[in-house]
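The next block holds one structure in the form of structure tokens; read it before the comments.
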Amino acid sequence: MVGLKEELLKSIWHAFTALDLDRSGKVLSHNLCTVLNVPHDPVALEEHFRDDDEGPVSNQGYMPYLNKFILEKVQGNFDKVEFNRMCWTLCAKKNLSKSPLLISDEDAFKVWVIFNFLSEDKYPLIIVPEEIEYLLKKLTEAMGAGWQQEQFDHYKIALNTSREGLSAWELIDLIGSGQFSKGMDQQTVSMAINEVFNELILDVLKQGYMLKKGHKRKNWTERWFVLKPNIISYYVSEDLKEKKGDIILDGNCCVEALPDKDGKKCLFLIKCLDKSFEISASDKKKKQEWIQAIQTTVNLLRAGSPPPHKEARQKRKELRQKLLAEQEELERQMKELQMANENKQKELETVRKQLEAAAARAAEEEKKRLQTQVELQDRFSLELEREKMVRQKMEEQVAQKSSELEQYLQRVRELEEMYKQLQEALEDEKQARQDEETVRKLQARLLEEESAKRAELEKWHLQQQQTIQMTEAEKQELENQRMIKERALQVAMQQLEQLEQERKEALEQYEEVKKKLETAANNTKSWKDKVAHHEGLIRLIEPGSKNPHLITNWGPAAFTEAELEQRQKSWKGKKATSE
């Protein structure tokens, strides 16, 4: 609330100083109550502004009433632009230059509001050269032109020789003169002023057209999006007349890219606690810019930090205050040194006067001595000798004092030389501080990159250690399995050798059995021939069987197939018995 009060006071100061002394209080107070949404108190207003010597513009002053009845009641639920425009209306006509400018009145109003934001917190309000350089750089960047540092340095030197900074109206004249926007048309300058005004005053971090997917009808509609430190508002068009909704941002929100789908490209998603929003940018560059801007805003909300431009302004002010304190300390030391030098000069002057007085007294005494020398030469010879000794001693003292004076003058010259060297050292220190700041920023960026790379290398090293440990475990497991398989292979080889031995033995037995079978088959064949011959001769002739008969080498067999099988079984039984 203190920061808001300071911002309001700057605009009010312009309006108050521009009005006539006898009517400034009532007119300004009434308008302030209206635009700041503060309840009117007619009784307090008339009581405080009664026409006597105790009124706010006389003995009591206007500030007590302003703080008590207006500023302390401000809740922040008012239109800042409307408030600034009211104060601008009251002071512009009186202070704005009558010479033609290259910017419109609306642009001049925006420059005036920017001046109140960047000016120092002391009255009368001025903007210092460092803030002028910052503003002109922002405008040049917004116009897409190159910054002319040498030209501004010449302007800064000329400005520093005459005063500390510029007033609001001088700043408007500077920008409206086109001195730092040569080659740019009025529209380009106006667009640049509007862009800087949106960023610094309206806290617009980014804005532009994008497509938004509806939550109910699921259709895609083009909207004008405006990103601020804690909210994203979207409108029908860039004139901001018809708002369609807000996306409230906090530390729990996040933004992530989405793959292309449903014929839409360059998609990203904004996730909030109660709702999510699908957005489609015009190209990949815009998509990345919006994602980065929203993520940066969420990070600032999580950290509780102010917007970047306000934080940068505060850092610039702190740096100026630090340099001012150092300069004041240096001036104090220089004053002390100068006072010490002046004291030494006074002491030297006192010693010189004492020496001159001593020399005058010595000359007077010498004159008296010469006048009485003839008369008192014999009588005061001893005294003359003593006087000579005194004179010699005085001369030694004078010589000693002269030597001390020469040494002190040499010391003074050395101090003057040290003063010059100190001034040069201060200039070198100032340049070194600027170089140190540049190097510090570079080192900070390098440290961040090194930290990121070191974290990545540590992650890779941890993964490698884990992989090595897993590989060692797998290697040990494979080694155990190999030993088990080797032992199983040895057992299998032994069993194979045993089976091979058994196979050889079985083969030998098979050969023996085969030979016995061949011998038995030969015996059986000769025996069958004999039996067949014997039985074929004595078989009686009987009626033929209805079953098919066997055919032998000698014609139809005398017995059936069943009878042959029965006979074979009988032969085999007899053979087994005989064996």
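Which peptide among 186-194, 386-394 comes first, and what is the full order, when sorted by highest mean count of other Cβ atoms within 10 Å? Please list the in-between numbers first.
Values: 186-194: 17.1, 386-394: 11.9.
Highest mean packing first, the order is 186-194, 386-394.
About the Cα centre of the chain, how large is the charge dipole given +1 on each Lys and Arg Cβ and -1 on each Asp and Glu Cβ? Please answer in debye to the nearest 20.
Numbers: 93 positive and 103 negative charges, 732 e Å.
Using Cβ point charges on Lys, Arg, Asp and Glu, the chain gives about 3520 debye.
First compute the accessible area of the range 132-200 with a 1.4 Å probe, then give the percent of it belonging to carbon and sulfur atoms. Could you put the intermediate results ahead of the total?
On the way: 1680 of 3500 Å².
The nonpolar share, carbon plus sulfur, comes to 48 percent.
Among Gln463, Val111, Cys253, flag the residue with its Cα farthest along the positive direction of the charge dipole of the chain, charges on Cβ as +1 for Lys/Arg and -1 for Asp/Glu.
Among Gln463, Val111, Cys253, the one farthest towards the positive end of the dipole of the chain is Gln463.
Treating the Cα atoms of the range 340-388 as identical point scatterers in vacuum, please give the log10 of the normalised Debye intensity I(q)/I(0) at q = 0.20, 0.24, 0.33 Å⁻¹, two decimals.
Debye curve over Cα of the range 340-388, log10 I(q)/I(0) at q = 0.20, 0.24, 0.33 Å⁻¹: -0.70, -0.84, -1.10.
Can you give the translational diffusion coefficient of the range 206-306 in µm²/s, computed by Stokes-Einstein from the Kirkwood radius over Cα pairs at 10 °C and 1.306 mPa s? Can you show the working numbers first?
On the way: Rh = 13.8 Å.
Rounded to a whole number, D works out at 115 µm²/s.
At a threshold of 8 angstrom on Cα-Cα distance, excluding pairs fewer than six apart, so keeping six or more, what relative contact order does the chain reach in percent?
6 percent
Relative contact order for the range 103-202 using alpha-carbon pairs under 8 Å, separation at least 6, rounded to a whole percent?
Values: 85 pairs, mean separation 47.0, N = 100.
That works out to 47 percent.
How many times 2.2 N^0.38 Å is the alpha carbon radius of gyration of the range 431-500? Could you put the intermediate results ahead of the total?
Values: Rg = 29.3 Å, N = 70, 2.2 N^0.38 = 11.1 Å.
Relative to the rule-of-thumb radius for its length, the range 431-500 sits at 2.65.
From the cross-link list Lys241/Lys275; Lys156/Lys228; Lys228/Lys285; Lys10/Lys68; Lys228/Lys441; Lys73/Lys98, which pairs have alpha carbons spaced over 29 Å apart? It would help to have the intermediate numbers written out before the result.
Numbers: Lys241/Lys275 25 Å; Lys156/Lys228 34 Å; Lys228/Lys285 20 Å; Lys10/Lys68 17 Å; Lys228/Lys441 27 Å; Lys73/Lys98 38 Å.
Cα-Cα > 29 Å for Lys156/Lys228; Lys73/Lys98; rest within.
Carbon and sulfur together cover what percent of the accessible area of the range 273-347 at a 1.4 Å probe radius? Write down the numbers at each step before the final one.
Numbers: 2710 of 5240 Å².
With neighbouring chains kept in place, the figure for the range 273-347 is 52 percent.
Just check the range 87-127 against the gyration tensor rule for me: Cα atoms, a ≥ b ≥ c as the square roots of the eigenvalues, rounded for a/c under 1.5, and otherwise prolate or oblate depending on whether a/b exceeds b/c. Don't skip to the answer; put the middle values down first.
Numbers: a/c = 1.98, a/b = 1.64, b/c = 1.21.
In terms of gyration-tensor shape, prolate.
What size of dipole, in debye to the nearest 20, comes out for the range 177-329 about its Cα centre when the only charges are +1 on Lys and Arg C-beta atoms and -1 on Asp and Glu C-beta atoms?
Numbers: 29 positive and 22 negative charges, 132 e Å.
My answer is approximately 640 debye.
Name the shape class, rounded, prolate or oblate, that the alpha-carbon gyration tensor gives for the range 147-224, where a ≥ b ≥ c are the square roots of its eigenvalues, rounded holds for a/c under 1.5, and otherwise prolate holds if a/b is larger than b/c and oblate otherwise. Intermediate values should be presented prior to the final figure.
On the way: a/c = 3.85, a/b = 2.96, b/c = 1.30.
Prolate is the answer for the range 147-224, as a/c is 1.5 or above and a/b outweighs b/c.
Please give the per residue accessible area of the chain, computed with a probe of 1.4 Å over protein heavy atoms only, in Å².
Computed with neighbouring chains in place, this is 70 Å² per residue.
Nearest 20 debye, what's the magnitude of the dipole of the range 81-182 about its Cα centre given +1 on Lys and Arg Cβ and -1 on Asp and Glu Cβ? The partial results should precede the final answer.
Working: 11 positive and 15 negative charges, 68 e Å.
Dipole magnitude for the range 81-182 comes out near 320 debye.
As a test of the formula, what do you get for the chain when each DSSP H run with n ≥ 4 contributes -39,500 (n - 2.57) and the sum is divided by the residue count, at 222 nm and rounded to the nearest 500 deg cm²/dmol?
Working: 14 runs with 381 residues, N = 579.
Helices in the chain give a 222 nm mean residue ellipticity of -23500 deg cm²/dmol.
Could you order peptides 69-75, 412-418 by the average number of other Cβ atoms within 10 Å of their residues, highest first? Don't skip to the answer; put the middle values down first.
Working: 69-75: 15.3, 412-418: 11.9.
Averaged packing, sorted descending, gives the order 69-75, 412-418.
Does the range 298-352 come out rounded, prolate or oblate by the C-alpha gyration tensor, with a ≥ b ≥ c the root eigenvalues, rounded set by a/c under 1.5 and, if not, prolate when a/b is larger than b/c and oblate if not?
prolate
How do the peptides 7-14, 281-288, 358-365 rank, highest first, by the average count of neighbouring beta carbon atoms within 10 Å per residue?
7-14, 281-288, 358-365
Which whole-Hz couplings ³J(HN,Hα) result when phi for each residue of the range 213-219 is put into the Karplus expression 6.51 cos²θ - 1.76 cosθ + 1.60, θ = phi - 60°, listed in order with x for Gly and Pro?
8, x, 7, 9, 7, 6, 9
Please list the three semi-axes, largest first and in whole Å, of the ellipsoid equivalent to the chain, using sqrt of 5 times the eigenvalues of its alpha carbon gyration tensor. Numbers along the way, then the final one.
Values: eigenvalues 2690, 577, 85 Å².
Working through the eigenvalues yields semi-axes of 116, 54, 21 Å.
The values are calculated or read from the model by the stated rules, or taken from the named source; none is laboratory data. Since the model is a prediction, treat every value here as computed from it, not as a measurement. Every residue, glycine among them, receives a Cβ derived from its backbone with ideal geometry; neighbour counts consider all protein chains shown. Each accessible area value is taken on the protein alone, full model and side chains, heavy atoms only, with ligands, DNA and RNA left out. Shrake-Rupley method; radii C 1.70, N 1.55, O 1.52, S 1.80 Å.
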